[in-house]
1. If Val181 satisfies every condition in (1) without any contact (Cβ under 8 Å) to a residue 40 or more places away in the chain; (2) touching a Leu at 6+ places or on another chain (Cβ under 9 Å) but one, which is the exception?
2. Look through segment 159-195, keep the residues that are near the ligand (Cβ under 8 Å from one of its atoms) and among the β-branched types (Val, Ile, Thr), and return whichever of them is farthest from the chain's Cα centre (by Cα).
3. Does at least one position in segment 62-74 carry a residue that is closer than 20 Å to Leu116 by Cβ, in contact (Cβ under 8 Å) with a residue 40 or more places away in the chain and among the aromatic types (Phe, Trp, Tyr)?
4. Can you tell me which residue among Val48, Val65, Val11 is more than 7 Å from the ligand (Cβ to nearest atom) and touching a helix residue (DSSP H, G or I) at 6+ places or on another chain (Cβ under 6 Å)?
5. Suppose we filter segment 115-129 for residues that are polar (S, T, N, Q), closer than 16 Å to Ile34 by Cβ and either in contact with a Cys (Cβ under 9 Å, 6 or more places away or on another chain) or within 10 Å of the ligand (Cβ to nearest atom) (or both); how many remain?
6. Looking at Arg177, Arg137, can you tell me which residue is surrounded by fewer than 16 Cβ atoms within 10 Å (Cβ to Cβ) and either on the phi < 0 side of the Ramachandran plot or of a type in the set (A, V, I, L, M, F, W, C) (or both)?
7. Of the conditions (1) more than 18 Å from Asn182 (Cβ to Cβ); (2) buried (at least 16 other Cβ atoms within 10 Å of the Cβ), Gln150 satisfies every one except a single condition; which number is it?
8. Take the conditions surrounded by 22 or more Cβ atoms within 10 Å (Cβ to Cβ), within 24 Å of Ala125 (Cβ to Cβ) and within 16 Å of the ligand (Cβ to nearest atom) and apply them to Val33. Does it pass?
Amino acid sequence: MNGLQDKIAVVTGASRGIGRGIAQRLAAEGVTVIINYHHSAEAAAEVVAEIEAAGGQAVAMQADVSQFAEAQALIKQVKKQFGRIDILVNNAGTTRDNLILLMKEAEWDTVIETNLKSVYNCSKAAVRFMIKQRSGRIINITSVVGLSGQAGQTNYAASKAGIIGFTKSLAKEVGSRHVTVNAIAPGFVLTALTEVLPEEMQAQIIAATPLGRMGNAEDIAGTVAFLASDDASFITGQVISVDGGLVMQ
Ligand code: NAP
């Protein structure tokens, strides 16, 4: 028993990629999962169907989590429909890579709002209920780029480093209420976000990864399931790299 059975989880950006893998893993552990998406209604419905076919429970809910009011409405709807919210996985994210001299203001703003402001938006709404419940798990998906930096990604790295500061600060605020807040820093995982990288660059990243392969969504999902479980009840404010050893602190 890992304490996950019958828990209620929201996974933002769960219509594909890492979020989809996280949703499937949590559902396999007996968690009822809210599959949040922004544009991809069809893909989100497919994730729900896959989970149900495997005997799990899931519902899709649309919300642009970069928007304060939409994120608040999403979390309120979950509370209304399910009576509680046990796990929030802030996974939704995007990139608009560019060198600083070429980076448009809109590219900066979109990445900061989608990756970082969304974490504030959803956590602020969820933590209110978690504090009242005297239990909760918030798991933020940052990136090794937030630890090490990356040319062409000042916006993305700033958003991901921001998530790390947010994670540690919120962990200190809500620890006394038995709410834990942790972050996972994935290395290179092949998804829609990374498949656009030139093959040469993908090969370079794999070559620099001691475990010699790219990650997959299941690698990240396993660590989410651990952090959400009873086994992780004394872990908070931590950043766990799941990157095949790419970045060692
Ligand atoms: P992905 O395949 O591009 O999927 C992104 C997901 O986020 C989609 O489900 C998308 O939904 C959703 N999303 C984007 N903007 C949203 C918004 N405003 N509101 C709600 N949902 C939104 O990306 P991924 O590679 O799985 O990445 C997932 C997370 O892991 C991101 O935070 C990313 O930064 C992080 N990460 C990824 C890697 C990697 O190598 N892939 C490495 C380190 C960290 P719609 O399609 O409906 O818009």
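Laboratory data are not the source of any read-out in this text; all were calculated from the coordinates shown. Everything numeric in this text was worked out from a predicted model, so none of it was measured. Counting neighbours? That spans all protein chains shown, and the Cβs are built from the backbone with ideal geometry, glycine included.
1. Of everything listed in (1) without any contact (Cβ under 8 Å) to a residue 40 or more places away in the chain; (2) touching a Leu at 6+ places or on another chain (Cβ under 9 Å), Val181 misses just condition (1).
2. Per the criteria, the residue is Thr194.
3. Yes; the residues of segment 62-74 include at least one that is closer than 20 Å to Leu116 by Cβ, in contact (Cβ under 8 Å) with a residue 40 or more places away in the chain and among the aromatic types (Phe, Trp, Tyr).
4. Selected residue: Val11, the only one of Val48, Val65, Val11 that is more than 7 Å from the ligand (Cβ to nearest atom) and touching a helix residue (DSSP H, G or I) at 6+ places or on another chain (Cβ under 6 Å).
5. Qualifying residue count, segment 115-129: 2.
6. Just one listed residue meets the conditions, Arg177.
7. (2)
8. Yes.
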